[in-house]
Amino acid sequence: AFVPRSEDYLLFSADYSQIELRITAELSGDEGMLETFKSGGDIHVATAMKIYRVGEQQVTGEMRRQAKTVNFGIIYGISPFGLAERLDITRKQAAELIEQYFAQYPGVQRYVDETVEFARDKGYVETVTGRRRYLREINSRNATTRKGAERNAINTRVQGTAADMIKIAMSRIQKLVREREYRSAMLLQVHDELVFDLHRDELETLPPLVAQEMREAMPMQVPIEVEMGTGENWLEAH
């Protein structure tokens, strides 16, 4: 549906790779997650190896898929019931997966516990840049309401930091585009992705600068990766 403005232009996509999991590794300081990202490993394969206690060669596509669901589910504070529904397994199996995950990634367990405790004490949580989200129901007597606020606390620090990061990158990229008088234009932010109307003459110069600004938007010990592509339409750019 999205196409460049004329034949002189291409669509260019720059997408943060697994940014929420990388931020989780950063915030939690979990050694296992940090090591996987620093070594360039596949975090979902690494998680599958840990929670199923198998070697890398024994990880099946299904195991990796389930590990991916667990990885992202933990960020959203998923319950055994929610995980069981997503993976079509029993609640007992889901609870065991979550338990095994936290046993293998103790830093993430600590991050979850400390974030919820901070929210209960202060009534809010903060992103890395200090942006706050107030959680008025974090100490609610209603368990369902309270659990929802706890999930928001865990998730807000991760997703909020990711949102801050891409906004900082966008601001710097826009400044750079204006100062250097590029003909290309930044069109859209879509989740963790930026889409540009890229002039063909700037194909070699602008994308590396975009990737650099996205990677360096916030100082992090976790390596930040940006996947890029160009094409005659948005689909091709992926």
Margin query: Tell me the carbon and sulfur percent of the accessible area for the chain, rounded to whole percent, probe radius 1.4 Å.
Written below: 46
Margin query: Pairwise over distinct Cα atoms, reciprocal of the mean inverse distance: report the Kirkwood radius of the stretch 173-238 in Å, one decimal place.
Written below: 12.8
Notebook entry, point to check: Reported to two decimal places, what Rg/Rh ratio describes the stretch 1-112 when computed on Cα atoms with Rh from the Kirkwood expression?
Noted result: 1.11
Note to self: With every protein chain left in place and a probe of 1.4 Å, what is the accessible surface of His191, to the nearest 10 Å²?
What the structure shows: 150
Margin query: If you average 1/r across every pair of different Cα atoms in the stretch 84-209 and take the reciprocal, what Kirkwood value do you get, in Å?
Written below: 17.9
Item checked: Solvent-accessible heavy-atom area per residue, rounded to whole Å², over the chain at 1.4 Å -> 53
Next item on the list: Please report the relative contact order for the stretch 58-205, taking Cα pairs under 8 Å with a sequence separation of at least 6, and give it as a percent rounded to a whole number.
Entry: 15
Margin query: Restricting the calculation to Cα positions, tell me the Rg (one decimal) and the Dmax (whole number) of the stretch 99-145 in Å.
Written below: 12.6, 32
Item checked: Residue order for His44, His238 - accessible surface, 1.4 angstrom probe, largest first -> His238, His44
Item checked: the stretch 39-132 - percent relative contact order, Cα under 8 Å, separation 6 or more -> 20
Check: What size of dipole, in debye to the nearest 20, comes out for the stretch 150-238 about its Cα centre when the only charges are +1 on Lys and Arg C-beta atoms and -1 on Asp and Glu C-beta atoms?
Finding: 400
Notebook entry, point to check: Can you give the Kirkwood hydrodynamic radius of the chain from its Cα pairs, in Å with one decimal?
Noted result: 19.5
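The values are calculated or read from the model by the stated rules, or taken from the named source; none is laboratory data. Here the structure is a predicted model, which is why all the values come from computation and not from measurement. Counting neighbours? That spans all protein chains shown, and the Cβs are built from the backbone with ideal geometry, glycine included. Heavy atoms of the whole protein, side chains included, go into the accessibility calculation; ligands, DNA and RNA do not. Shrake-Rupley method; radii C 1.70, N 1.55, O 1.52, S 1.80 Å.
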